[in-house]
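The values are calculated or read from the model by the stated rules, or taken from the named source; none is laboratory data. Keep in mind it's a predicted model, so treat the numbers as computed, not measured. With ideal geometry, Cβ positions are generated from the backbone for all residues, glycine too; neighbour counts draw on all protein chains shown. Calculation scope for accessible area: heavy atoms of the full protein, side chains included, ligands and nucleic acids excluded. Shrake-Rupley method; radii C 1.70, N 1.55, O 1.52, S 1.80 Å.
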Amino acid sequence: MQGALRSIQLHGGIFKNSILQHLRVAEPSFRSKIIARHESVSPARLEESGFESTTIADILKGKGKSADGSWLWCTTDDTVYDAVKSMTQHDVGALLVVKPVEEKSIAGIITERDYLRKIIVQGRSSKTTKVGDIMTEENKLITVTSDTKVLKAMQLMTDNRIRHIPVVEGKSMLGMVSIGDVVRAVVDEHREELKRLNAFIQGGY
């Protein structure tokens, strides 16, 4: 998965370059028409349909409140067993952790990796260990906001070798996105950019 992310980051320009290559080899008359069309497009219009504009808010909107477990959470007082059971039932790899009396105040995150490293490997009991004892605490969390660009989130996840990243606003949680969500959003954005470039060449602008 990390290799796939780096490939997208390094080679995303191929979409644009393939179109631009056609421009370079086009007949002078056709190339002149394209240049004239480009000059007629206002900067505001280009910015409006610009590349790399998708934000985390767009992902959350597409997922919805109950989709893919992005809004699932547990509390610091829950047992690790119950947290892992919830992950299994909802087919997710991580849960946001909140404080027992403040359901929107994020306390940390618990992941499958935490369970493997801090319970299985250490021979501890998941039924007697509290989530708060093994979670990644709030002060160590890597988070994004709803305004964060998807490519920025992807870079954070790649650099820090994490597969889930909480979305917060101040101290309140808005949801969580996975590496799969981010990759799908980047691929979709590249696809839309290719459509825009094709429409540009064919006179759609």
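Excluding ligands, DNA and RNA, the accessible surface per residue across region 56-185 is 52 Å² with a 1.4 Å probe. About the centre of its Cα atoms, region 56-185 shows a dipole size close to 260 debye [charges on the beta carbon of Lys, Arg (+1) and Asp, Glu (-1) only; nearest 20 debye].
Cross-linked pairs K140/K195; K61/K140; K130/K171; K127/K152; K127/K171: Cα-Cα separations exceed 32 Å for K140/K195; K127/K152.
For I120 and L156, the FRET efficiency from 1/(1 + (r/R0)^6), where r spans their Cβ atoms and R0 equals 35 Å, is about 0.80. Assuming a ≥ b ≥ c are the square roots of the Cα gyration tensor eigenvalues, decide whether region 139-205 counts as rounded (a/c under 1.5), prolate (otherwise, with a/b larger than b/c) or oblate. The shape class here is prolate. Of the solvent-accessible surface of region 106-205, computed with a 1.4 Å probe over protein heavy atoms with every protein chain present, carbon and sulfur atoms account for 48 percent.
Distance distribution P(r), region 56-185, all Cα-Cα pairs, bin width 5 angstrom from 0: 2, 11, 22, 24, 21, 12, 6, 2, 0 percent.
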